[in-house]
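These notes are about the structure you will find just below.
The values are calculated or read from the model by the stated rules, or taken from the named source; none is laboratory data. Nothing here was measured: the structure is a model prediction, and the numbers come from that model. Every residue, glycine as well, gets a Cβ built from its backbone with ideal geometry; the counts of neighbours run over all protein chains shown. Accessible surface areas use protein heavy atoms only, side chains included; no ligands, DNA or RNA. Shrake-Rupley method; radii C 1.70, N 1.55, O 1.52, S 1.80 Å.
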Amino acid sequence: MAKPTAFVDSSVVITALLSSTGGSFAVLSQYHQLFTFQINEYVLAETQEILRTKFADKPDLISDLFILLGVAHIIVLHDPPKRDVLIAAKAISKNDAPILASALKASDYLLTLDNEFFGEPVSVLAGKKITILKPGELLNQFRSQRVA
């Protein structure tokens, strides 16, 4: 049986790089055997740009990004077709539309810390296609399943 796929937003990747004690790092470093993690070219470029600009005083984060991608076995997908992005942009901001479009097309889960993904327009578009969670929520789900 194939592992479920989880598309990872740049907010989760950056948070995992900044703290090895939070849910984002825990999910990516400990759950790669249970999930196939994915990002797209857009998320990779966005993450690199944020690290270069907002965290210019921490140049090692760029190297750490590629280490994290390897440790978590994160697959980099091609960006979604423009038509898919335009559909997603009806439910979310233009900047987040390529993320939502890729997740809808290729994933079972979308992991994000961005509250915009939890709004009603996104929920309606996502329907039952994907489950959108914060990393800590995913951890809680799996911990409660193991106890039961």
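What to note about this one:
- When the charge dipole of the chain is built from unit charges on Cβ atoms (+1 for Lys and Arg, -1 for Asp and Glu) and taken about the Cα centre, the candidate among T21, V122, T53 whose Cα reaches farthest toward its positive end is V122.
- Size of electric dipole in the chain: Cβ of Lys, Arg +1 and of Asp, Glu -1, about Cα centre, debye, nearest 20: 420
- Convex hull of the stretch 71-127 built on C-alpha atoms - directionally averaged projected area, nm²: 4.2
- Dipole orientation for the stretch 66-143: of the candidates A97, L133, L68, A97 has the Cα lying most toward the positive pole (charges on Cβ; Lys, Arg +1; Asp, Glu -1).
- Relative to the current alpha-carbon distance between S123 and D64, full extension at 0.36 nm per residue lengthens the span by 18.0 nm.
- Seen from D108, the other residues with C-beta closer than 14 Å to its C-beta sum to a net charge of +4, counting Lys and Arg as +1 and Asp and Glu as -1.
- Extended-chain gain in nm, criterion 0.36 nm per residue less alpha-carbon gap, A45 and E116: 23.5 nm
- Around the Cα centre of the stretch 1-86, unit charges on the Cβ atoms of Lys, Arg, Asp and Glu (plus for the first two, minus for the last two) sum to a dipole of about 140 debye.
- Anchor K134: aspartates and glutamates whose Cα lies under 17 Å away (excluding residues fewer than 8 positions away in-chain): D9, D96, D108, D114, E116, E120
- Largest-first ordering by accessible area, 1.4 Å probe, given options T5, T131: T131, T5
- Paramagnetic label zone (point 7 Å from Cα along Cα-to-C-beta, F55; backbone N under 13 Å) in the stretch 1-26: 10-22, 24-25
- Based on the Stokes-Einstein relation at 25 °C and a viscosity of 0.890 mPa s, and on the Kirkwood radius from alpha carbon pairs, the stretch 1-119 is assigned a translational diffusion coefficient of 170 µm²/s.
- Anchor K82: lysines whose Cα lies under 20 Å away (excluding residues fewer than 8 positions away in-chain): K90, K94, K105, K129
- Cα-derived Rg to Rh of the stretch 1-67, Kirkwood definition: 0.99
- Ranked packing of 99-107, 114-122, most packed first, by mean Cβ within 10 Å: 99-107, 114-122
- For the chain, the solvent-accessible area works out to 54 Å² per residue, with a probe of 1.4 Å and every protein chain left in place.
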